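The structure under discussion appears below in the form of structure tokens.
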Amino acid sequence: MAAEVMLMNEIEATAAQMGIDMNIDFSSIQLPPGENCGILSDDDDVYHDDQLEFDSGFGNVIVVDNLPVVPREKFEKLEGVIRKIYSQIGVIKEDGLWMPVDPETKKTLGYCFIEYNTPQEAELAKEKTHGYKLDRAHIFAVNMFDDFDKYMKVPDEWAPPEIKPYTPGENLQKWLADEKARDQFAIRAGTDTEVLWNDARQSKTEPVYKRTYWTESFVQWSPMGTYLATVHRQGAAVWGGANTFNRLMRYAHPQVKLIDFSPGEKFLVTYSSHEPSNPRDANRVVINIFDVRTGKMMRDFKGSADEFAVGGAGGVAGNSWPVFRWGGGKEDKYFAKLGKNMISVYETETFSLIDKKSLKVENVVDFSWSPTDPIVALFVPELGGGNQPARVSLVQMPGKEELRQKNLFSISDCKMYWQSNGDYLAVKADRYTKTKKSTYTGFELFRIKERDIPIEVLELDNKNDKIIAFAWEPKGHRFAVIHGDNPRPDVSFYSMRSTHNLGRVAKLTTLKGKQANALFWSPGGRFIVLAGLKGFNGQLEFFNVDELETMATAEHFMATDVEWDPTGRYVATSVTSVHEMENGFNIWSFNGKLLYRILKDHFFQFLWRPRPPSFLTPEKEEEIARNLKKYSKKYEAEDQDVSMLLSEQDREKRRMLKEEWEKWVSEWRRAQEEEKLERQKLRDGEASDEEEEYEAKEVEIEEVLDMSEEVLPFEE
């Protein structure tokens, strides 16, 4: 600091000698618009990145009209009511609530100004509370402060709007047109999130985009791969683009914990849970549903955690997720929530309940949508100590018409599995034995697309076997079951079409004693990976169900996850950070050949980028399959070129290694020649380095390692 003061004193002294006035008001200096004198501001990037959140204008201020006009003694009470309503939507700035007062009457004027931290919160407050009914006489009219300036500038005479030329947006599906027909995947390791090409023919990855601190918890692809979603304290965001990943939209939801896309990518559901001020109260849950493209909130749901904890398999703090389950296929027409003695089904056209009322079902505990049709399968357990049997019902929406019902007796538990095309529904039913001391498992198989929806009962050869895993073949008619006791259960394959009777289920084969606890079908069917995850240390078996033969067995030690790429050509296995060692992922071919391996410390996620459904008709796909040789010629030529390139690269690599070896040998020979005289001296003048000219002699050397003396007693 002393050095800086001395330097400044010297500058001032020199300026005084030269007659320069150093008393300058820097705030009065104005640069020409757009001029920065070639010096970039350190804050430019931050400003442009966060301009949407913290604007310098009045975009974060709303005006609330039609408030009660109250005297000074009621002013504090009214302010408290308004603050309670609007602080639920966002953070009101300090001194950010102002109610003007009439100086003559000392009463409020019936409106107030509220300033939020961000424009998004202000927009949300306007959208949520415009038309809010405080009481019969006071219905809020809410406007953005900036709107007043806009309305004041409306011209007196009408003029036709300016027609702007059409500018096409980015092609968000450009990645699908990759010349090498590659797929992308996202990985998250440490603080970095990356999107990469899977260049399997070159046995490596190719970078697409990388960003540090891209998300604060996890990333998630949308169901058809158009968007990559990230999660932040302020809310969620989606990213995409033709050649890189730009932020396309933000969704304000403070402290968001979970997100879920609708199947057709039209809507995004966000979830947060907030601790109550009273420890004895349940957490407060907020669920918002946004339009993905516009960012507009379509509907929100609020309540205690207990209200959203009915049914479901997983979530946060005991709450099920997803709370809302989507139905109607890719059209995103319906979403539903399980409640106490009811299923609430909403339509997305109005975001209100169908027929303005929930579907009343006494003691319903679970439901599941068909993946393709607006059909709900629901399960009701036994009631009255078994006097009223359990049942599975199929209900058609929006008419709420029951299509089929099956009563189930002595049921302890039930789980429903839909086939991906909605052709079949498998109901795994755990039943009590007559003594009620143990259970056994069977399957109720519904043929959804057939007349009257016939149902078949399937029991395993040993019905006492424990069911470890079940999985339908995607787009197919087969399913696989892992059953029996660990560590070597059996794996059985069944078909819904037997050889002689297309309407009967038939067993194809049983594989005995497999180290597997999870099933992973290829997206195109036919192939399956039998995986032994976690406790089975990553045992893998690649199985061809068409030929009923094992293609390969392998191991990815400590593997935690297995995921097929969307085309069914490659399989990724990964070890995430639940294990401290060997974090990273392996890429395999469909038939079990290890293509490459990448290790990553603190590895959290591996996600293949999904592909949208093909535009090809089933007939066209069959025609391509029949004439595959004709279409494959182009790709075989490309494969040959790649193979030749790889061979050339291998030859070049071997040549470089050989040259490096020869260089190393020549250096050691030169060093040996230089040290020849030294070796002669050590050998008493003997010049030869040849080993055979020396005579080897063995010399024995004895050495006393230890000596001890002990007096033994003498006995006669």
Considering the stretch 111-134, residues that are aromatic (Phe, Trp, Tyr) and farther than 24 Å from MET249 by Cα, and then whichever is least open to solvent (accessible area, probe 1.4 Å), we arrive at PHE113
- Query: Taking the condition surrounded by fewer than 21 Cβ atoms within 10 Å (Cβ to Cβ) and either touching a Pro at 6+ places or on another chain (Cβ under 7 Å) or under 23 Å from TRP175 (Cβ atoms) (or both), does LEU548 pass?
  - Reply: no
Picking from ALA186, ALA181, the residue that is among the aliphatic types (A, V, I, L, M) and part of a strand (DSSP E or B) would be ALA186
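From the list GLU456, GLU450, pick out the single residue that is out of contact with any strand residue (DSSP E or B) (no Cβ under 9 Å at 6 or more places or on another chain), within 26 Å of PHE379 (Cβ to Cβ) and not aromatic (Phe, Trp, Tyr). If you could, list the steps in order and put the result at the bottom.
On the way: GLU456 fails: out of contact with any strand residue (DSSP E or B) (no Cβ under 9 Å at 6 or more places or on another chain).
When all the criteria are applied, what remains is GLU450.
From ASN421, ASN363, grab the single residue that is farther than 21 Å from ILE467 by Cβ and free of Cβ contacts under 8 Å to residues at least 40 places away in the same chain.
Details: ASN421 fails: free of Cβ contacts under 8 Å to residues at least 40 places away in the same chain.
Being farther than 21 Å from ILE467 by Cβ and free of Cβ contacts under 8 Å to residues at least 40 places away in the same chain holds for just one of ASN421, ASN363, which is ASN363.
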Within the stretch 483-505, residues among the aliphatic types (A, V, I, L, M) and open to solvent by 10 Å² or more (accessible area, probe 1.4 Å) come out as LEU502, VAL505
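Could you list, in sequence order, all residues of the stretch 571-594 that are open to solvent by less than 40 Å² (accessible area, probe 1.4 Å), outside any loop (DSSP other than H, G, I, E, B) and not polar (S, T, N, Q)? Steps first, answer last, please.
Of the stretch 571-594, the ones open to solvent by less than 40 Å² (accessible area, probe 1.4 Å) are 571-576, 583-589, 592.
If we keep only those that are outside any loop (DSSP other than H, G, I, E, B) too, we end up with 571-575, 584-589.
If the condition is that a residue be open to solvent by less than 40 Å² (accessible area, probe 1.4 Å), outside any loop (DSSP other than H, G, I, E, B) and not polar (S, T, N, Q), then VAL571, ALA572, VAL575, GLY584, PHE585, ILE587, TRP588 are the ones that fit.
Of the residues in the stretch 166-196, how many are of a type in the set (Asp, Glu) and within 13 Å of ARG609 (Cβ to Cβ)?
First pass over the stretch 166-196, keeping only residues of a type in the set (Asp, Glu): 170, 178-179, 183, 192, 194.
Narrowing further to those that are within 13 Å of ARG609 (Cβ to Cβ): 178, 183, 194.
Residues meeting the conditions: 3.
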Output for Cβ contacts, cut-off 9 Å, separation at least six or different chains, first residue over 14 Å from TRP369 (Cβ atoms) and open to solvent by 60 Å² or more (accessible area, probe 1.4 Å) in the stretch 393-414, second in a loop (DSSP other than H, G, I, E, B) and of a type in the set (D, E, K, R), reads ARG404/ASP452; PHE409/GLU382
Of GLU194, GLU216, GLU206, the only residue that is over 21 Å from PRO119 (Cβ atoms) and surrounded by 14 or more Cβ atoms within 10 Å (Cβ to Cβ) is GLU194
Flagged in the stretch 608-648 as closer than 26 Å to ASN586 by Cβ and open to solvent by less than 90 Å² (accessible area, probe 1.4 Å), in numbering order, are TRP608, ARG609, PRO610, ARG611, GLU638, ASP639, VAL642, SER643, LEU645, LEU646, SER647
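Filter the stretch 57-79 down to residues that are among the β-branched types (Val, Ile, Thr) and closer than 18 Å to VAL91 by Cβ, then give me how many there are.
Kept after step one, since they are among the β-branched types (Val, Ile, Thr), are these residues of the stretch 57-79: 61-64, 69-70.
Remaining after also requiring closer than 18 Å to VAL91 by Cβ: 61-62, 64.
Residues in the stretch 57-79 being among the β-branched types (Val, Ile, Thr) and closer than 18 Å to VAL91 by Cβ: 3 in total.
Kindly indicate whether THR108 is under 20 Å from ASN288 (Cα atoms) and polar (S, T, N, Q). Explain how you work it out, then say what you get.
On the way: under 20 Å from ASN288 (Cα atoms): no; polar (S, T, N, Q): yes.
So THR108 does not fit the description; no.
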Q. Could we say that LEU508 is open to solvent by 60 Å² or more (accessible area, probe 1.4 Å), at negative phi and of a type in the set (A, V, I, L, M) here?
A. yes
Here the residues within the stretch 252-268 that are farther than 20 Å from ARG188 by Cβ, of a type outside the set (Lys, Arg) and either within 17 Å of the chain's Cα centre (by Cα) or open to solvent by 40 Å² or more (accessible area, probe 1.4 Å) (or both) are PRO254, GLN255, SER262, PRO263, GLY264, GLU265, PHE267
Practice task
Examine the stretch 424-431 for a residue that is modelled with pLDDT of 95 or more, open to solvent by less than 30 Å² (accessible area, probe 1.4 Å), within 30 Å of LEU353 (Cα to Cα) and touching a Ser or Thr at 6+ places or on another chain (Cβ under 9 Å), and state whether such a residue exists.
Solution key: yes
| said: Condition first: touching a Leu at 6+ places or on another chain (Cβ under 6 Å) and open to solvent by 10 Å² or more (accessible area, probe 1.4 Å). Can you find one or more residues in the stretch 230-241 that meet it? | reply: yes
*Looking only at the stretch 236-246, decide whether some residue is farther than 24 Å from ASP178 by Cβ and either free of Cβ contacts under 8 Å to residues at least 24 places away in the same chain or in contact with a helix residue (DSSP H, G or I) (Cβ under 9 Å, 6 or more places away or on another chain) (or both).*
yes
By residue number, the members of the stretch 432-455 that are farther than 17 Å from VAL392 by Cβ and either open to solvent by less than 60 Å² (accessible area, probe 1.4 Å) or among the basic types (Lys, Arg) (or both) are THR433, LYS434, LYS436, LYS437, SER438, TYR440, LYS449, ARG451
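Suppose we filter the stretch 517-544 for residues that are assigned to a loop (DSSP other than H, G, I, E, B), closer than 16 Å to SER589 by Cβ and open to solvent by less than 10 Å² (accessible area, probe 1.4 Å); how many remain? Break it down into steps so the answer makes sense when it comes.
Applying the first criterion (assigned to a loop (DSSP other than H, G, I, E, B)) to the stretch 517-544 yields 517, 522-526, 533, 537-538.
Cutting the leftovers down to closer than 16 Å to SER589 by Cβ gives us 522-524, 526.
Subsequent filtering for residues that are open to solvent by less than 10 Å² (accessible area, probe 1.4 Å) retains 522.
Residues that pass the stated criteria total 1.
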Of the conditions (1) under 19 Å from GLY295 (Cβ atoms); (2) at pLDDT 95 or above, the single one that GLN234 does not satisfy is (2)
Condition set out of contact with any helix residue (DSSP H, G or I) (no Cβ under 8 Å at 6 or more places or on another chain) and among the polar types (S, T, N, Q), scope the stretch 135-177, selection surrounded by the fewest Cβ atoms within 10 Å (Cβ to Cβ): answer is THR167
Counting only strands (runs of 3 or more DSSP E) entirely within the stretch 195-294, those with at least 3 residues that are of a type outside the set (S, T, N, Q) are 204-212, 228-231, 235-240, 246-252, 258-261, 267-274, 284-291
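The values are calculated or read from the model by the stated rules, or taken from the named source; none is laboratory data. This one's a predicted model, so the numbers in the text were calculated from it and none came from an experiment. Positions of Cβ are generated from backbone atoms using ideal geometry, with glycine treated the same way; all protein chains shown enter the neighbour counts. Note: areas computed on protein heavy atoms with side chains; ligands, DNA, RNA excluded. Shrake-Rupley method; radii C 1.70, N 1.55, O 1.52, S 1.80 Å.
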